[in-house]
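The structure appears below as structure tokens.
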Amino acid sequence: MASVAEPEAKADLDAFREEVRAFLAENFPPELRGKNNLLSSVEEAGEESPAEKAWRVAMGEKGWGTPTWPKEYGGGGLTKKQARALEEEMAKVGAWNPIGGMGVMMLGPTLLEFASEEQKHEHIPPICKGEIRWCQGYSEPNAGSDLANLQTMAEDKGDHYLVNGQKTWTSGGQWADKCFCLVRTSRADKHKGISFLLIDMHAPGVEVKPIKMISGMSPFCETFFTDVQVPKESLVGEEGQGWTIGKKLLQHERTNLSGGGALAALNSQPLGKVAERYIGLDENGKLADAELRVKIADFEMRWNAFLLTARRAMEESKAQGGVSEISSILKKAGTKLGQERAELMIAIQGYRGLGWEGEGFEQKELDGTRAWLFGKATTIYGGSTEIQNNIIAKRILGMLDHQ
Ligand SMILES: Cc1cc2nc3c(=O)[nH]c(=O)nc-3n(C[C@H](O)[C@H](O)[C@H](O)COP(=O)(O)OP(=O)(O)OC[C@H]3O[C@@H](n4cnc5c(N)ncnc54)[C@H](O)[C@@H]3O)c2cc1C
């Protein structure tokens, strides 16, 4: 993605850090320290407190919620070094990025690559300010892994498309303002008949039915389109280019999911520290359970190696022009490690890691159990692990179907 030329002089970077510190001192409400919850991207937004709103607006106006996106569309226009410095300075005072969700993770970068100037100016600034909630309308009842089988039809009616069909597993659909959607504009060709359309979730004919899970939560929905009129200006790219655009968006999604996403946010306490608390230390100051000690050390080494590899791979692929199929490797490895981490956390906590709700458990313990269960989904959504294996075999290793 375009950003200002690198690298800048150390003096410039120091001056930038000063600017960040002054901004944080003036704008970050101290009562919001540590309140960040990445799950909010698919949960009901709820009432924003005045402090939360002020913080979001301040960051949005600076463009620092999307620090490396171009300034002309509302981004921060920062270099990667400046963005890193911003992150570090925020961490020092317990500040967090209030701007996120699917608009930031997936749609924004895709629009920057494929949308017209008008579309960029219309859609990207509200994403940078955290004003609009987007949902993803890809999957259908018979089009999950076989995504190109999608049947939702967008019929050309001259000045608009008439959309009919059903999407499923639309995360956060009941709270979203808009949906980026893959639709069929032709039945003649499985892949070239697909187009990328932006649909207003409040338009007549859009119906959202939350899917209730055994936990009682409903983070995703069935979304029905019945004779929904969508203006022609809402088509991104050319008609029939949706498969190419949709796949690129998935690479952004997979790169974002490789860090464990919501799973990591819910369960970010250092394992060693948690183990020290629940298991205790022996007379040599080491974790009392030797077997668990080895497991934690083994995991932490692999996790840190993964994080470093992921950072290197992402820098390399950005230098070569953006995300690539490497995102499949990162997604596969990152989600597997995220699940292992959640398992370890449960093992460390013993029965205290099995609470679901009610008194007698700390909130962090309850969050941990949910993170462990929610983690099962991470190797399914955004493309299952088996599908990542297929992509790695075909597109990275160059293997043929029968190999
Ligand atoms: C928590 C969650 C949130 C989601 N949010 C969204 C969302 O917001 N928007 C959206 O559009 N979708 C969303 N999805 C849907 C998700 O993208 C699909 O579930 C996923 O692509 C898998 O498709 P499927 O469920 O139809 O499974 P299927 O495609 O039926 O797959 C079933 C099993 O068969 C395997 N399989 C299928 N084909 C092959 C093959 N060719 N080779 C090897 N193995 C294969 C799969 O790996 C899997 O194990 C979400 C899913 C979950 C679980």
Rg and Dmax [Cα atoms of the chain; Å; Rg one decimal, Dmax integer]: 22.3, 79
Length gained when the stretch residue 71-residue 351 is fully extended (0.36 nm per residue, less Cα-Cα span): 95.8 nm
Acute angle (nearest 10 degrees) that the helix 80-92 long axis makes with the longest principal axis of the chain, alpha-carbon atoms: 50 degrees
Rounded to 5, the percent of DSSP beta bridges in the stretch 73-205 classed as antiparallel: 70 percent
Heavy-atom accessible area per residue - the chain, 1.4 Å, Å²: 51 Å²
Over the chain: helical MRE at 222 nm, DSSP H runs n ≥ 4 each giving -39500 (n - 2.57), nearest 500: -13500 deg cm²/dmol
Local net charge near residue 148, Cβ-Cβ under 14 Å (Lys/Arg +1, Asp/Glu -1): +2
Residue of 376, 62, 81 that the Gaussian network model of the chain assigns the largest fluctuation, springs spanning Cα pairs under 10 Å: 81
Under 5 Å, built H, 5+ apart or other chain: amide partners of residue 237: 116
Neighbourhood charge, 12 Å Cβ-Cβ cut-off, centred on residue 295 and excluding it, Lys, Arg +1 and Asp, Glu -1: -3
Across 92/331; 157/209; 80/336; 10/178, pairs whose alpha-carbon gap is larger than 32 Å: 10/178
Rough spin-label spacing in nm, given labels placed 7 Å along Cα→Cβ, for residue 47 and residue 61: 2.4 nm
Amide H within-cut-off set for residue 288, under 5 Å, with H built and near neighbours excluded: 280, 281, 282
Gain on full stretching of the segment that runs from residue 15 to residue 227 - 0.36 nm per residue minus C-alpha separation: 70.8 nm
Estimated distance in nm for a label pair at residue 340 and residue 146, the labels positioned 7 Å out from Cα along Cα-to-Cβ: 3.4 nm
For the stretch 106-205, fraction of C-alpha pairs farther apart than 23 Å, in %: 28 percent
Between helix 326-349 and the chain: long-axis angle, C-alpha atoms, 0 to 90°, nearest 10: 40 degrees
Paramagnetic label zone (point 7 Å from Cα along Cα-to-C-beta, residue 302; backbone N under 19 Å) in the stretch 327-371: 328-349
Helix 363-378 axis, angle to the chain major axis (alpha carbon atoms, nearest 10°): 40 degrees
Alpha-carbon radius of gyration plus Dmax, which is the widest Cα pair, for the stretch 297-362 in Å: 16.7, 52
Carbon and sulfur %, accessible surface of the chain computed with the full protein complex present, 1.4 Å: 53 percent
Computed E for residue 293/residue 380 - FRET, C-beta separation, R0 41 angstrom, nearest 0.05: 0.80
Too-long pairs where the Cα-Cα distance tops 24 Å, listed order kept, from 248/332; 35/167; 71/332: 35/167; 71/332
Integer Hz, Karplus 6.51/-1.76/1.60 couplings in order for the stretch 305-313, x for Gly and Pro: 4, 5, 4, 5, 5, 4, 5, 5, 4
Kirkwood hydrodynamic radius (C-alpha pairs) into Stokes-Einstein, the stretch 128-283, 10 °C and 1.306 mPa s, D in µm²/s: 91 µm²/s
Inter-label distance for residue 132 and residue 83, nm, one decimal - labels placed 7 Å from Cα along Cα-to-Cβ: 2.1 nm
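The values are calculated or read from the model by the stated rules, or taken from the named source; none is laboratory data. Owing to the predicted nature of the structure, the values given are computational and were not obtained by experimental measurement. With ideal geometry, Cβ positions are generated from the backbone for all residues, glycine too; neighbour counts draw on all protein chains shown. Heads up: the accessible areas ignore ligands, DNA and RNA and are worked out on the full protein's heavy atoms, side chains in. Shrake-Rupley method; radii C 1.70, N 1.55, O 1.52, S 1.80 Å.
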